[in-house]
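Rule-based calculations on the coordinates, nothing more; no lab input. For clarity, every value in this text was computed on a predicted model and none was experimentally measured. Backbone-built Cβ (ideal geometry, glycine too); neighbour counts: all protein chains shown.
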Amino acid sequence: MSRSALKLFSIAVLWGLARPLNGQDTNHLWLNNVRVVYYQIISLRLTEAQAGLQQLHQCGTPPPVIYLLASYADFVRAMVDEQSVSIKYFHQKTERYIEALQHLSPSSPWTQYAEAEIRFQRAVLQAKTGAYFAAARQIWRVCSLLEENRRRFPHFALNQKSLAFIQAFMGALPEEFRWASTWLSGLVGSVTEGVGKLERLLAASSAEVRLFEEEIRLVIAFLRLNLLEDRQGAWQVLQCPGLDARQNPLAAYSLAVVAGRLGRNDEAIRLLEACPDGAPFYPFWQRYYLLGVLKMNRLDADADQPLRCFVRHFCGETGRWDACRKIAWYYLLHGDTLSYRMWMARIAAAKHPQTEQDRAAYYEARSEAIPNCTLLRARLLFDGGYFLRAYDILSRQPASSYSGEHYLEYVYRRARLAQALQRLNEAEYYYRQTLEYGRYSPLYYACYAALQLGVLCENARRCAEAKKYYYLCLRIRPHMYRLSLHAKAKAALARMQKKC
């Protein structure tokens with residue numbers, strides 16, 4: 001899973017707060033106070049939220065809701081800063097919350113649901129820190145709690161929401177992990193089925209769905225963006241008043257991720273530059289990482305500044321090494337090879353980065369291969385959606401000027417740009433060239449080419465060819481981005497079962 005995918009997944013979890021669901025509950029006096037505290041948490045106003053949590057005890061708020069809110073505040077802090085003290089504090093507190101919930105009466109649907117959601121938070125944080133077995137055990141318990149709660153309270157829609165999200169996420173797991181997850185949870189993973197269930201919940205427009213509209217929209221956007229290759233659908237589903245980038249740094253970040261992937265790089269930069277900051281908000285340094293990436297895509301003269309801010313202040317690991325690589329690229333593009341090597345040396349000394357983007361930076365640093373500046377500029381401009389500028393840069397230099405891995409990258413980038421510019425015959429030609437020259441290369445270009453040839457054939461209703469390329473994508477095992485590319489190929493094959 002890419003770094004943006006992981007971050008969006010994490011943000012999607014942050015939105016998953018339980019709130020009253022039926023008409024009778026809306027008469028409770030504590031409802032407005034719960035909503036205020038909930039909004040403070042998801043907008044990173046954690047100090048205000050802590051004070052609000054103390055007041056909830058005084059207005060008759062059900063204990064499971066208070067425990068869930070408190071757990072969310074701790075979870076947000078641990079996810080955002082990645083400091084060991086925050087992570088340790090979260091696990092210590094959630095042990096107490098779970099123990100307290102298990103002593104409450106199960107006559108309310110909130111009791112088991114709150115425990116399931118808190119355990120799900122634990123699983124996400126455990127997986128993020130590499131404790132995959134512990135995370136799998138938590139997921140098994142989460143599914144058991146939700147299934148039991150669904151049997152006892154069949155009209156409690158939150159059960160279905162959480163199960164659908166888990167089902168979709170499991171459908172994207174690599175084959176070597178999926179069987180174990182299915183055995184542990186009893187769910188058969190399927191991205192398309194999970195998304196379908198979530199969209200049906202959203203379309204139902206019931207009272208509980210309206211209360212949870214932001215969370216469901218963000219989860220659907222995450223799945224459409226990263227697994228179903230539907231960027232426009234992801235952007236459209238996020239267009240609602242509850243996701244206000246001007247009031248909420250997490251909302252600004254989520255919208256900027258999708259806008260950037262849509263090629264709306266300028267808009268993504270505006271969203272991040274205008275999002276709130278300062279004393280009321282818990283520090284969210286990842287926004288500076290993303291802002292730096294987006295400004296690098298535009299080849300801005302000050303693109304290194306937000307990346308330096310991120311590296312200087314962020315205490316976690318996620319994104320740190322990719323940020324260092326982007327700073328190194330900045331120097332390389334400005335003709336300072338010495339500074340480029342200094343920043344890459346910092347990455348080479350890292351200890352086994354976790355995310356795909358950080359591992360890619362580590363792999364590049366250890367290989368000591370210096371990128372071709374023309375190809376690098378084209379790559380960055382392409383990532384920002386500046387396709388004509390990138391195409392013009394590549395067209396200035398003949399193919400004969402490249403050799404070895406640089407030639408492989410050249411034909412790959414020609415293919416991607418042609419596809420983006422809707423020159424589909426040219427795109428297919430260069431993707432085939434990428435497969436021919438890179439089939440046995442450890443680089444990811446051939447694997448991605450097979451995936452995109454499948455997409456081109458699928459869109460042209462050449463179903464047999466599309467399946468052939470998707471299966472070929474699964475057989476190619478590059479050093480980098482294998483998990484995310486294979487997840488997309490598997491999602492495409494599942495999608496095609498309904499088409500062809």
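Numbers below:
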read-out: Cα shape, the stretch 286-367, gyration tensor, a/c 1.5 rule; value: oblate
read-out: Over 27 Å (Cα to Cα) - which of 197/498; 161/467; 128/161; 93/161 fall in this group; value: 161/467
read-out: Solvent-free Debye scattering, log10 I(q)/I(0), computed from the Cα coordinates of the stretch 57-170 at q = 0.21 Å⁻¹; value: -1.21
read-out: Residues 315, 457, 324, sorted so that the one with the fewest Cβ neighbours within 10 Å comes first; value: 315, 457, 324
read-out: Modelled FRET efficiency - R0 41 Å, residue 389 with residue 193, Cβ distances, 0.05 increments; value: 0.50
read-out: 124, 455 arranged by Cβ crowding within 10 Å, fewest neighbours leading; value: 455, 124
read-out: Candidate aspartates and glutamates - alpha carbon under 19 Å from residue 88, same-chain residues fewer than 8 apart omitted; value: 74, 99, 115, 117, 317
read-out: Helix-only CD estimate at 222 nm, as mean residue ellipticity for the chain, using -39500 (n - 2.57) per DSSP H run (n ≥ 4); value: -23000 deg cm²/dmol
read-out: Normalised contact order of the chain, rounded percent, pairs of Cα under 8 Å and 6 or more residues apart; value: 12
read-out: Residue 47-residue 84 FRET efficiency (beta carbon distance; Förster radius 22 Å; 0.05 resolution); value: 0.55
read-out: Length released on extending from residue 406 to residue 105, taking residue separation times 0.36 nm less the Cα-Cα span; value: 101.9 nm
read-out: Cα convex hull volume per residue for the stretch 375-499 (Å³); value: 101
read-out: Stretchable slack from residue 345 to residue 426, in nm (0.36 nm times residue separation minus alpha-carbon distance); value: 25.3 nm
read-out: Two-decimal Rg to Rh for the chain - Kirkwood Rh, Cα set; value: 0.97
